[in-house]
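**Student:** One structure, as structure tokens, below. Some questions next.
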Amino acid sequence: MQKDDIFLFLLIYVDDIVLVGNNSQACKAVKDYLNNCFKIKDLGSLKYFLGIEIARSREGIFMCQCKYTLDLLQESGLSGSKPANSPIEQNHRLGLAEGPDFDNPERYRRIIGKLIYLNLTRPDLSYAVHVLSQFMQQPKQAHYDAAMRVLRYLKRNPGQGILLKSECDLKYHAYCDSDWATCPLTRRSVTGYFIMLGESPVSWRTKKQVTVARSSAEAEYRAMAVATAELVWLEGFLASLGVAHTNPMELFCDNKTTLHIAANPVFHERTKHIKLDCHFVREHI
């Protein structure tokens, strides 16, 4: 809600509420109203919300899930284990893993579900969690061992998180990439992007593409289209918060063919399979 130069925003999850505003009197009036309606309990300044720890300083707001991570390590019996240097093995072949099925698939699903939630403040887990979440239906022992490696990686620095800096130029910077035909079973490519507002990370994702790309340029361009859609949504999200964003948004891609396709208004044989993505990206450019 916004009136004149006063704005208030409510973030609600079931019976947990976060109230944000720029006027203390208006915030107090809203809390008094909610208390009359629902009998709420005011916990003061935000420090902990749904497993996410929040700390403030002059540099900005730091968000992490340290306690959540330590509880996960304790539950998995890895509190005294040796830390791993990386969350997943390089050039892994988990899609073609053979051997016995894991004898407790419910345990595997519970671990992966918690890792998915932990990905809220740990962009470095995005790819590993994406890979492991594909085998929740029938995990094998190799998949469980890979999940244990992710947990041992978390043990190296359980308090790692993201810093939302107080100083921001309100410029979006997005980086996108794809891994062509990386899935050994479906030969689908994997899209990845990472978006920053100023120097603060705000959005990241790793996901398998919905169709098979017939060339690396096609896979890269689809990754660019996904990142473009996320940028457009983030700009609209800022507008809904009352923040005017008029700066161009920068999107970086490391594939020269893809960049030429985005700049070339003429469709030809190499782009007939991705016309919609071409139109979508060019329109926003």
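The values are calculated or read from the model by the stated rules, or taken from the named source; none is laboratory data. None of the values given here were measured: they were computed from a predicted structure. Reconstructed Cβ throughout: ideal geometry from the backbone, glycine too, with neighbour counts over all protein chains shown. We work out accessible area using only protein heavy atoms, side chains counted, and drop any ligands, DNA or RNA first. Shrake-Rupley method; radii C 1.70, N 1.55, O 1.52, S 1.80 Å.
**Student:** Report every pair of residues separated by at least 6 positions or lying on different chains whose Cβ atoms are under 9 Å apart, first residue within segment 31-50 and at negative phi, second in a loop (DSSP other than H, G, I, E, B) and open to solvent by less than 90 Å² (accessible area, probe 1.4 Å).
**Tutor:** Within 9 Å, the pairs are Lys31/Ile40; Leu34/Ile40.
**Student:** Where in segment 1-64 are there strands (runs of 3 or more DSSP E), lying wholly inside it, with at least 3 residues that are open to solvent by 60 Å² or more (accessible area, probe 1.4 Å), more than 22 Å from Ser240 (Cβ to Cβ) and polar (S, T, N, Q)?
**Tutor:** Working: elements: 6-13, 16-21, 52-57, 60-64.
Because the criterion is at least 3 residues that are open to solvent by 60 Å² or more (accessible area, probe 1.4 Å), more than 22 Å from Ser240 (Cβ to Cβ) and polar (S, T, N, Q), no strands (runs of 3 or more DSSP E) in segment 1-64 meet it.
**Student:** For Phe267, work out the one condition from (1) assigned to a helix (DSSP H, G or I); (2) of a type in the set (Phe, Trp, Tyr); (3) at pLDDT below 80 it doesn't fulfil.
**Tutor:** (1)
**Student:** Another one. Name the residues in segment 158-188 that are open to solvent by 40 Å² or more (accessible area, probe 1.4 Å), under 25 Å from Tyr68 (Cβ atoms) and of a type in the set (A, V, I, L, M), would you?
**Tutor:** Leu163, Leu164
**Student:** Give Gly159, Gly99, Gly77 a once-over and let me know the one that is on the phi > 0 side of the Ramachandran plot and touching a helix residue (DSSP H, G or I) at 6+ places or on another chain (Cβ under 6 Å). I'd like the intermediate steps shown before the answer.
**Tutor:** Values: Gly159 fails: on the phi > 0 side of the Ramachandran plot; Gly77 fails: touching a helix residue (DSSP H, G or I) at 6+ places or on another chain (Cβ under 6 Å).
Result: Gly99 is the single residue among Gly159, Gly99, Gly77 that is on the phi > 0 side of the Ramachandran plot and touching a helix residue (DSSP H, G or I) at 6+ places or on another chain (Cβ under 6 Å).
**Student:** Within the group Arg107, Arg122, which residue is of a type in the set (D, E, K, R) and either within 20 Å of the chain's Cα centre (by Cα) or open to solvent by 60 Å² or more (accessible area, probe 1.4 Å) (or both)?
**Tutor:** On the way: Arg107 fails: either within 20 Å of the chain's Cα centre (by Cα) or open to solvent by 60 Å² or more (accessible area, probe 1.4 Å) (or both).
Sole residue among the options that is of a type in the set (D, E, K, R) and either within 20 Å of the chain's Cα centre (by Cα) or open to solvent by 60 Å² or more (accessible area, probe 1.4 Å) (or both): Arg122.
**Student:** Also, I was wondering about something else. Kindly provide the set of residues from segment 72-89 that are exposed (fewer than 15 other Cβ atoms within 10 Å of the Cβ) and not in a loop (DSSP other than H, G, I, E, B), ordered by number.
**Tutor:** Let us first name the residues in segment 72-89 that are exposed (fewer than 15 other Cβ atoms within 10 Å of the Cβ), namely 74-75, 77, 79-83, 85-86, 89.
Gln74, Glu75, listed by residue number.
**Student:** A further question follows. Report, by residue number, each residue of segment 194-209 that is free of Cβ contacts under 8 Å to residues at least 40 places away in the same chain and either open to solvent by less than 40 Å² (accessible area, probe 1.4 Å) or not aliphatic (A, V, I, L, M) (or both).
**Tutor:** First, pick out the residues of segment 194-209 that are free of Cβ contacts under 8 Å to residues at least 40 places away in the same chain: 195-199, 202-203, 209.
Matches in segment 194-209: Ile195, Leu197, Gly198, Glu199, Ser203, Gln209.
**Student:** Select, from Thr228, Thr191, the only residue that is surrounded by 16 or more Cβ atoms within 10 Å (Cβ to Cβ), among the polar types (S, T, N, Q) and under 20 Å from Arg93 (Cα atoms).
**Tutor:** Numbers: Thr228 fails: under 20 Å from Arg93 (Cα atoms).
Result: Thr191 is the single residue among Thr228, Thr191 that is surrounded by 16 or more Cβ atoms within 10 Å (Cβ to Cβ), among the polar types (S, T, N, Q) and under 20 Å from Arg93 (Cα atoms).
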